[in-house]
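Student: I have a structure I would like to understand better, so I am pasting it below and will then ask my questions one at a time.
The values are calculated or read from the model by the stated rules, or taken from the named source; none is laboratory data. Small disclaimer: the values here were computed from a predicted structure and weren't measured. Here the Cβ positions follow ideal geometry from the backbone for every residue, glycine too, while neighbour counts run over all protein chains shown. Ligands, DNA and RNA are excluded from the accessible area calculation, which covers all protein heavy atoms including side chains. Shrake-Rupley method; radii C 1.70, N 1.55, O 1.52, S 1.80 Å.
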Amino acid sequence: MPIHQPMITVPKPWLGNDIGGYLSHRIHIMRFANDVQKQALRNAHPKLTRVYEALTILGKVPWIVNRKVFDTMMTIWEQGGGVGKLPSRKNLDLPPCPDPSLLNIPTSEMTDAQKAIMKDWKRQCAKINRHNSDLHSMRCDTMYKLETAAEFKDQVMYFPHNLDFRGRAYPIPHHLNHMGSDVCRSLLVFAKGKRLGTRGLYWLKIHLANLFGKDKLSLSGRIAFVDEHVENIIDSARDPLGGKRWWMKGEEPFQCLGACVALGEALMLKNPEDYICHLPIHQDGSCNGLQHYAALGRDAAGGLAVNLVPAESDTPQDVYTKVLEQVARRVHEDALTGHKAAMLLDGKIDRKIVKQTVMTSVYGVTFVGAREQILNRLSERKVVGDDVMFECSSYLARQTLSGLADLFSSAFKIMEWLATCAHIVGKQANKATAWTTPLGLPVIQPYHKRNHGSVKTLVQNITLVLRQSTSPVSTGQQKSAFPPNFVHSLDSTHMLMTAIKCDREDIAFAAVHDCFWTHACDVDRMNHILRQEFVDIHSQPILENLRSEFQRQCPDLVFPPLPERGKLDLTKVLDSPYFFD
């Protein structure tokens, strides 16, 4: 079992850089921090009281295992898995060779047709072998999760948190925590339950609709969807495996089951509002990275596209669909001119194919990364043949990134400005890009050039690669990583500030970065708090402060002026129902 398990007592409050979390095991507040980062944290110690407070709040939330979901999951696993997002416990069989006689013939003696047959068969076998290798890894990971849940199923658990170098908070226990997959999240609920009440019942229904994949409907549409399936919900709650198995149709099947159990049990009461609900209700940011960029640039059009401000329609704006429309139009126009890849893709592109690239664009996805993401989606849907998969994914990646740049010109100008500043610091001063978050946390990018050394032995030569804080900085990595890391430091600040405010109002709070969790009855209060904290953060002169900090660090260098910004009224965030939903 891993060293860092969940705790069965409240974690020690964070009071310093290595004082907090586990009672006896010493953990640093920043994971993988180098000497330079540790010194910066020591220097900033007096200013980090709110960071310590927020991490303490996240760690003191008590959790228990959801027994109904756990028992269902174990039954499925013992029967071979392969249901929902549980991996199958059986490997795929390799296809037989289409012509076994060719196995004994050297390739040099084969005809071109025979070579093509063998090449295609070997490609199929390699693909299945990779799949089986991935399955093995997933099975091992699943077993760790299930074994940890089994060990703690009768106890209250706590997950002490610490930070990565950008300030994002993570649970220290590795295998079982609420930041994991659908399997992990479904296994955990708040140890303390609260009465639903009228608004809690409302948000529990919204939560189930979201998990089922209906999050692009209006809030009233999501309620209607759930009300239409009350019979299926109660059936899922009563008999998850022997009934209709409606919960398995959801996008997050095991979390859907957990929500069905909670809502089904509530609906079976004389007064559903009296139900004591332990289930965490999620409120997820609408492409949160672009929300921060739109706020930084005061971009009214971009803010509308990511629900930063209320729209005229009753449904949430969907940035992925907007990008899809741009891409589909471009592909269709190219197809009319006879472009090969466009002709193969015309009319076959859907929202999910471009979603991951749009979602990660603000976090610095490269063309190669975008191509890989889209290739995986095309392969899953078998949109085109394997022989043209690479060509089509390359073409579609270019179109997606171009469409994004057109739709979010303000965001991309700020990304470009951030990257330029990091390049100046790295190239002209040979320094790592460093900045301070609105909570006072010092952030230093850890990207340095690798030092290579060779050790000769009697058997072989071994090359050692070291990346040290004393090595020259890697200017390219500093430049490309700074825009996404800076936005990550802002979304982490927003989460930590929201945690502090919720705790002061006696609201249980957990988070997966830009997805905030609380009891159903407290969602309205949390929603107000998270909106107000977002406005408070972006009411500060964030970019002006950043430029001034760069100028203090490198007084002899000249940094470009700030990008021109729009006239977005940030206070409208307070009234935007789909900002987080």
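Student: Give the separation of the Cα centroids, region 319-335 to region 486-558, in Å.
Tutor: Each part's Cα centre sits 34 Å from the other's.
Student: In whole Hz, what ³J(HN,Hα) sequence does region 94-108 give by Karplus (6.51, -1.76, 1.60; θ = phi - 60°), x for Gly and Pro?
Tutor: 6, x, x, 5, x, 9, x, 5, 6, 5, 9, 10, x, 4, 5
Student: Amide H neighbours of G21 under 5 Å, counting only residues 5+ apart in sequence or on other chains, H built in-plane at 1.01 Å?
Tutor: HN-HN under 5 Å from G21: K12, W14.
Student: Net charge near G242, counting Lys/Arg +1 and Asp/Glu -1 over other residues with Cβ under 14 Å of its Cβ?
Tutor: Working: positive: K68, R238, K244, R245; negative: D71, D235, D239.
The answer is +1.
Student: Next up: How much net charge surrounds T366 when only the other residues with a Cβ under 14 Å from the Cβ of T366 are counted, with Lys and Arg +1 and Asp and Glu -1?
Tutor: Spelling it out: positives minus negatives among the neighbours equals +2.
Student: Also, quick follow-up: Listed highest first by mean packing, meaning other Cβ atoms within 10 Å per residue, what order do 249-260, 188-199 come in? Before the final figure, lay out the partial values.
Tutor: Values: 249-260: 24.4, 188-199: 17.8.
Going from most to least packed, we get 249-260, 188-199.
Student: Where the accessible area of the chain is counted over protein heavy atoms with a 1.4 Å probe, how much of it, in %, is carbon and sulfur? Display every interim value, and only then the final one.
Tutor: Values: 13900 of 26430 Å².
C and S fraction of accessible area: 53 percent.
Student: Now, a different point. Rounded to whole Å, give me the distance from the Cα center of region 231-257 to that of region 282-296.
Tutor: That distance is 31 Å.
Student: Could I ask something else about it? List every residue whose amide H lies under 5 Å from the amide H of F509, counting only residues 5 or more places away in sequence or on a different chain, with H placed 1.01 Å from N in the peptide plane.
Tutor: none
Student: Follow-up question, since we're still on this one. So if we plug the beta-carbon distance of L557 and S379 into 1/(1 + (r/R0)^6) with R0 = 41 Å, what FRET efficiency do we get, rounded to 0.05?
Tutor: 0.35
Student: Averaged per residue, what accessible area in Å² does the chain show with a 1.4 Å probe, protein chains only? Could the numbers behind the result be given before it?
Tutor: Numbers: 26430 Å² over 581 residues.
Per-residue accessible area for the chain comes out at 45 Å².
Student: Need the full-extension length gain, E109 to R504, defined as separation in residues times 0.36 nm minus the C-alpha distance. One decimal, nm.
Tutor: Full extension from E109 to R504 adds 134.4 nm.
Student: For a quick check: with amide H placed at 1.01 Å from N, whose amide H comes under 5 Å from M30's, ignoring anything fewer than 5 positions away on the same chain?
Tutor: Excluding prolines and chain starts, which carry no amide H, the hits are L163.
Student: When the chain is fully extended, how far beyond the present Cα-Cα distance does E549 get from L102, taking 0.36 nm per residue of separation?
Tutor: Residue separation times 0.36 nm, minus the Cα-Cα distance, leaves 154.1 nm.
Student: Does a label point 7 Å from the Cα of D524, set along Cα-to-beta-carbon, have any residues of region 185-214 with amide nitrogen under 19 Å, and which are they?
Tutor: 194-208
Student: Which listed residue (C521, S471, T437) has the Cα farthest towards the positive end of the charge dipole for region 385-529, taking +1 on Lys and Arg C-beta and -1 on Asp and Glu C-beta about the Cα centre?
Tutor: S471
Student: Here's a follow-up. Between E231 and Y363, what FRET efficiency comes out of the Förster formula 1/(1 + (r/R0)^6) with R0 = 60 Å and r the beta carbon distance, rounded to 0.05? Please list the in-between numbers first.
Tutor: Working: r = 42 Å, r/R0 = 0.70.
Step by step, r from the Cβ atoms, then E = 0.90.
Student: Going by Cα centres, region 129-192 and region 358-385 are how many Å apart?
Tutor: If we compute the Cα centre of each part, the gap is 26 Å.
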